[in-house]
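Written below as structure tokens is the structure these notes are about.
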């Protein structure tokens, strides 16, 4: 199997930081250097990070409460830990506000012995608007500040699964990609805008997902700037009607110009899905067109639900595409939501999900 080798890269002293919370001071030194292949993990808090496959992880974006133990452990494995960066775009249209925010993020990253920042700004933007220019400038100026104040640090920016104004996020993708170190492409929530029939569908259909990467590459964005994000969760849709063909009609919940959306369902963790599928009406089913698994179940009120999700069979071809196109790497939302218990079946399922990131 194709493997990602982990190295402890040369590290340099921290300037202007506080007292090191690690058992060994060298663990507070920033991770520098670039891996050939990124495995980018979003962590939303808790202690499940202790069970990650650290032979693979290269970057952890901390979206939960700051955990110095996570930082120390990740550094011991040669993995970066980066801040979450989010700010209302209306606020940073003003240059002074933008500069102050960036300065604050750099200071915070230093104080927490971090290795960079992940900009997660998923706001609607109209092309040519003040916010459009402000966002482009924010990415450029944030990258310049981090690279200047923390040489070798990493600045990443989260983008929608397609560059075609998904959810009205009409960004200057080309300039943003040139400005930062990598784009994390969120190849999930692909039903956030349903323009056709209001029916339950896959979170990340294979052909739709891969075609969107071709769109990014056709913009002449360097493939080494692109990290594919895959979902470790699915959507549970209550069916207004389940046809004989198995099509689940869903409630009309508009979103950013679309009459229907995945907001008609609820996000469910892979851990929950693996337990629920065993008690379902249908068992695991497979959709050849979307290349994704799903199942049907009845709740306590006798309401039929349809659940769409990703598992190793649907993730593997996506990971193979990452390799074939020479992309920067792969990652997931999010690392915490597998079943990390000692139950044998859960351990096997969790191992298979991590291994799927490296392809079939």
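Remarks
- Among 94, 43, 189, residue whose mean-square fluctuation peaks in a GNM of the chain (springs only between Cα atoms under 10 Å): 94
- Alpha carbon centroid spacing (whole Å) that separates region 125-204 from region 76-105: 15
- When all alpha carbon pairs of region 206-360 are counted in 5 Å bins from zero, the resulting P(r) reads 2, 8, 16, 19, 19, 16, 12, 6, 2, 1, 0 %.
- Here r is the Cβ-Cβ distance between residue 133 and residue 164 and R0 is 25 Å; the resulting FRET efficiency, rounded to 0.05, is 0.80.
- Rounded Å value of the spacing that divides the Cα centres of region 29-49 and region 331-352: 17
- Distance from region 262-330 to region 239-261 (C-alpha centre basis), Å: 17
- When you restrict to C-alpha pairs under 8 Å that are six or more residues apart and normalise by the size of the chain, the relative contact order lands at 16 percent.
- GNM result for the chain, Cα springs below 10 Å: residue of 153, 19, 51 fluctuating most strongly: 19
- In the list [x] 27.3; [y] 20.2; [z] 18.4, the label attached to mean projected area of the Cα convex hull in nm² as derived from the coordinates here is [z].
- Listed residues 63, 157, 40, most fluctuating in the chain (Gaussian network, C-alpha, under 10 Å): 63
- Mean residue ellipticity, 222 nm, helices only, the chain: the sum of -39500 (n - 2.57) across DSSP H runs of n ≥ 4, divided by residue count and rounded to 500, is -8500 deg cm²/dmol.
- Compared with the alpha-carbon gap, the fully stretched path from residue 299 to residue 36 is longer by 90.1 nm at 0.36 nm per residue.
Every number in this text was worked out from the coordinates using simple rules, so none of it is lab data. Here the structure is a predicted model, which means the values were calculated and not measured. Every residue, glycine among them, receives a Cβ derived from its backbone with ideal geometry; neighbour counts consider all protein chains shown.
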